[in-house]
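The values are calculated or read from the model by the stated rules, or taken from the named source; none is laboratory data. Being a predicted model, the structure only gives us computed values, none of them experimental. Virtual Cβ from ideal backbone geometry, glycine too; neighbours counted across all protein chains shown. All accessible areas refer to the heavy atoms of the entire protein, side chains included, with ligands and DNA or RNA removed. Shrake-Rupley method; radii C 1.70, N 1.55, O 1.52, S 1.80 Å.
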Amino acid sequence: MDFTFTEEQQAATEAARAVFSGVAPDGVPSPALVPGAVAEDIDRPLWAGLAAGDLLSLTLSPEHGGAGLDPVALCLVLRESARVLARVPLLETCAVAMALQRYGDAGLVAELLPGVGRGELVLTVGASGRTGHDPAELAVTARREAPASNRLGKGLGDGPGNAPGDADGDAAGWVLDGVQSGVPWAQAADWIAIPAHTGEGRAVVALIRPTHDGVTLAEQVSTSGELFAEVRLDSVRIDSRALIDTVGAWEWLRALLITGTCALALGLGEAVLTMTSEYTGKREQFGFPVATFQSVAVQAADRYIDLRAMEVTLWQAAWRISTGAGGALPAEGDIAVAKIWASDGVRRVVQTAQHLHGGFGADTDYPLHRFHAWAKQIELSLGPAAAHEEALGDLLAAHLLS
């Protein structure tokens, strides 16, 4: 068996390293020192650099100007982005674009995806629901509205970045009501993917603009100090083409988001362990580097084991999504295992780093505290370890114990 990455995947990693090499983790004010968000916008120069390096189009099909690579390649790039705390919605934009490409209306896909690849459009997704604890699709209702030509295309135009209206002028629309909390960089996004549920209990995904009639954004600030939003929908009418009602579409998008979050945890954890190794190798006590002390070495070794477990479970999950390969459990089982390791592992890595750095780790002139804040955000995003342990238990009961 060959576990090496393909040449295309390795090339994507190298391209990502080149783009992220000029990014400083402390390029914005410290979240510990500002009362609100650290910045009002994403890192636009970096976003342009990602587009110029063809990294935003990495997973798009060639017909839309992309390289046609798989989620494994995306996770490799996300891993590199987390090493420098890149302030861009790379995961959200690429994941929504891939879901659109896989399940969306052909006209909508042709209209939006080339602009995504060129960096002209920013996409995000509301995946936290009202509280972050309940399924996100239950926070918003979607009900079908009878065909009415005078409502078609409301909020959707024919200009750049706007989805087309129905060509026949007689398609049913949808009405959305509810709230999605903690939507990453919603204020900077051109389109927001909103999961919802229908009267039949099916999960659907709606694509809306932040300026759409009935959409209200309320500022929220993430643990990492980034500007998020509560997105409130009040009788928001959308064209039928802007809603994906294919069975399994939301579940696939959520699985990709969770797996991408695991990649972010791995990259961040690796960067933190490198910082800790360098610090303990230079810091001396009693005339010796503290890295030579057994207690320090054992703790660092334990965190290295955590990172290797995070890595192998990540690639297993990404491989299952990429290939659709079968197994004793559905792919959701591997994804749950990856998120359990990612959440617990990244927390242990930053806690050990703070301990081994001593008081120096809390110095706001040193970037470690930033990594700690981002690690906490990643740990809880899309469910903490306990939530995925419960999901894994349900899968085991349904597929093995039965």
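Take the residues in the range 43-71 that are in a helix (DSSP H, G or I) and either surrounded by 24 or more Cβ atoms within 10 Å (Cβ to Cβ) or of a type in the set (D, E, K, R) (or both); name whichever of them is farthest from the chain's Cα centre (by Cα).
63
Would you check if there is a residue in the range 374-383 being open to solvent by 20 Å² or more (accessible area, probe 1.4 Å), in a loop (DSSP other than H, G, I, E, B), at pLDDT 95 or above and hydrophobic (A, V, I, L, M, F, W, C)?
yes
Got a number for residues in the range 261-303 being surrounded by 15 or more Cβ atoms within 10 Å (Cβ to Cβ) and closer than 24 Å to residue 381 by Cβ?
16
Given the conditions (1) modelled with pLDDT under 95; (2) of a type in the set (Phe, Trp, Tyr); (3) outside any loop (DSSP other than H, G, I, E, B), and given that residue 3 satisfies all but one, which numbered condition is not satisfied?
(3)
Just the residues that are under 28 Å from residue 378 (Cβ atoms) and either open to solvent by 10 Å² or more (accessible area, probe 1.4 Å) or without any contact (Cβ under 8 Å) to a residue 12 or more places away in the chain (or both), please, taken from the range 100-116.
If the condition is that a residue be under 28 Å from residue 378 (Cβ atoms) and either open to solvent by 10 Å² or more (accessible area, probe 1.4 Å) or without any contact (Cβ under 8 Å) to a residue 12 or more places away in the chain (or both), then 101, 102, 103, 104 are the ones that fit.
So residue 77 passes all but one of these: (1) in contact (Cβ under 8 Å) with a residue 60 or more places away in the chain; (2) more than 16 Å from residue 16 (Cα to Cα); (3) aliphatic (A, V, I, L, M). Which condition number does it fail?
Failing condition for residue 77: (2).
Among what's in the range 223-236 and is part of a strand (DSSP E or B) and within 19 Å of the chain's Cα centre (by Cα), pick the residue that is surrounded by the fewest Cβ atoms within 10 Å (Cβ to Cβ).
The selected residue is 230.
Could you list, in sequence order, the residues of the range 125-143 that are assigned to a strand (DSSP E or B), surrounded by 16 or more Cβ atoms within 10 Å (Cβ to Cβ) and either charged (D, E, K, R) or in contact with a Ser or Thr (Cβ under 6 Å, 6 or more places away or on another chain) (or both)?
Within the range 125-143, 142 is the sole residue that qualifies.
Taking interchain pairs and intrachain pairs at least six residues apart, which have beta carbon atoms under 6 angstrom, with the first residue in the range 339-352 and small (Gly, Ala, Ser) and the second open to solvent by less than 30 Å² (accessible area, probe 1.4 Å)?
342/262; 342/265; 342/310; 343/379; 343/385; 345/306; 345/310
Listed residues 390, 379; which is of a type in the set (D, E, K, R) and over 22 Å from residue 225 (Cα atoms)?
After ruling out the rest, the residue left standing is 390.
Using the structure shown, decide if residue 321 is over 30 Å from residue 28 (Cβ atoms), touching a residue at least 60 places away in the same chain (Cβ under 8 Å), crowded, with 17+ Cβ neighbours inside 10 Å and in contact with a Ser or Thr (Cβ under 8 Å, 6 or more places away or on another chain).
Against the criterion (over 30 Å from residue 28 (Cβ atoms), touching a residue at least 60 places away in the same chain (Cβ under 8 Å), crowded, with 17+ Cβ neighbours inside 10 Å and in contact with a Ser or Thr (Cβ under 8 Å, 6 or more places away or on another chain)), residue 321 qualifies.
Out of 187, 220, report the one residue that is touching a strand residue (DSSP E or B) at 6+ places or on another chain (Cβ under 9 Å), modelled with pLDDT of 95 or more, outside any strand (DSSP E or B) and of a type in the set (S, T, N, Q).
187
Could you list, in sequence order, the residues of the range 270-309 that are in contact with a helix residue (DSSP H, G or I) (Cβ under 7 Å, 6 or more places away or on another chain) and within 14 Å of residue 339 (Cα to Cα)?
Listed by number, the residues that qualify are 306, 307, 309.
Residue by residue, here is whether (1) buried (at least 20 other Cβ atoms within 10 Å of the Cβ); (2) more than 23 Å from residue 222 (Cβ to Cβ); (3) within 19 Å of the chain's Cα centre (by Cα) holds:
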{"position": "3", "(1), (2), (3)": "no, yes, no"}
{"position": "11", "(1), (2), (3)": "no, yes, no"}
{"position": "27", "(1), (2), (3)": "no, no, no"}
{"position": "35", "(1), (2), (3)": "no, no, no"}
{"position": "81", "(1), (2), (3)": "yes, no, yes"}
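If I go through the range 193-217 residue by residue, how many of them are over 22 Å from the mean Cα position of the chain (by Cα) and part of a strand (DSSP E or B)?
Quick first cut of the range 193-217, residues over 22 Å from the mean Cα position of the chain (by Cα) only: 198-202, 211-216.
Now drop any that are not part of a strand (DSSP E or B), which leaves 215-216.
Here the count works out to 2.
Do you know which of the residues in the range 237-254 that are touching a helix residue (DSSP H, G or I) at 6+ places or on another chain (Cβ under 6 Å) and open to solvent by 10 Å² or more (accessible area, probe 1.4 Å) is nearest to residue 321 (Cα to Cα)?
Taking the candidates together, the pick is 246.
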